[in-house]
Amino acid sequence: MNPIISQITASQVKKDITPFKVGDGVRVHTKVREGDKERIQIYSGIVIARKGAGIHETFTVRRISYGEGVERVFPVNSPNIDKVEVERESEVMRSRLYYLRGRTGKAAVAVKEREFRAAPAKVTVAAS
């Protein structure tokens, strides 16, 4: 990217973004304006893609609504995004989860969840 453009857009990039990755289950809190009122609407689903860099970075969230797959693309640095909560972390072996589009039912949200294991205890042998 051009260094001049990155300098100009550096002030618009959010610094307090919750770290999340592809495969995570997230809840995106978006600001919705209706007339002169503003409210927060939550969109929850699985992050299937993350694209771009800097001010142009976006992520795609997919969920199943009434048996139909719905995807929504959010700009990471948008002022309309209040916050992103990570509901569940997962371990995926690829950067785009587009294969979930062909799945239905429970298989459409079946992503391997991360297991938190304790580190193995060190065994010390006493010399006699």
Inset, instruction - Can you figure out the FRET efficiency of E68 with Q41, using R₀ = 25 Å and their beta-carbon distance, to the nearest 0.05? - result: 0.85
Legend entry - lysines whose Cα lies under 20 Å from that of K31, excluding same-chain neighbours fewer than 8 positions away: K14, K15, K83
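Laboratory data are not the source of any read-out in this text; all were calculated from the coordinates shown. Bear in mind the structure is a predicted one, so any value in this text is a computation, not a measurement. Please note: Cβ atoms are built from the backbone with ideal geometry, for glycine as well, and neighbour counts cover all protein chains shown.
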